[in-house]
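Since every read-out is calculated from the coordinates, none of them should be taken as a lab result. Worth saying up front: this structure is predicted, and the values here are computed from it rather than measured. Counting neighbours? That spans all protein chains shown, and the Cβs are built from the backbone with ideal geometry, glycine included.
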Amino acid sequence: MTELIIERAAVDFEPIGDGWTVYGCAVPYNREMRVTDDGVNFYLEEFAPGAFSRDVAKGGRWVNLMLGHSGDAGERLLGRCVALEENDGGLYPSFRLNRDHPRAEAARAGELIGWSVSARVYRSRRIERKTQAVTIRESCGISHVAATAKPQYAGAGVLVAREHSLVIEPTATPRLDALRAAGYGSRK
């Protein structure tokens, strides 16, 4: 299991509502991209639909929107995931921005529309396409999303800034609901 950093670019986004929730494509599916893990050796990579289905099923609440991939995590925390969905086009998270962060206004204003994803790759396969090897990512786990000012690749990044409303229905939590019904977590 290796950690992989994927950088992609965003299209211009449309601000609506109060702008403190951003929604976008973290990982486009079925798009061949030229990437590098070390800055020297390049290869072709593509994410298969459903590559992040395990994370989507769990809701993605651990996924944070960060400023870049390195540095103090506390200072880089820009927002928290409030929804995670995927379709044939890719993986789409929604993040609620931390209004107290010094760069939150920049993210809200559209200055940080490029997204770069840190993910763990669990299963891949290699195929030959047009005489070139392509690595197909079939199963991955998302670690975090980094907001950047400069887009890297077409197809990923902030698509819209909106007021705080979920893009999808909250993920079902039957075990948590049962524990709460039994009195766990209440302060009596």
Open item on the list: I want to check the label-to-label distance for residue 177 and residue 57. Put each point 7 Å from Cα in the C-beta direction and report it in nm to one decimal.
Closed with: 1.8 nm
Task: Cα-projected label distance for residue 38 with residue 120, points at 7 Å along beta-carbon direction, nm - done: 2.3 nm
Task: Burial ordering of 100, 55, 177, fewest other beta-carbon atoms within 10 Å first - done: 100, 177, 55
Task: Sites residue 99 and residue 128 - FRET efficiency at Förster radius 45 Å, r taken between beta-carbons, to 0.05 - done: 0.35
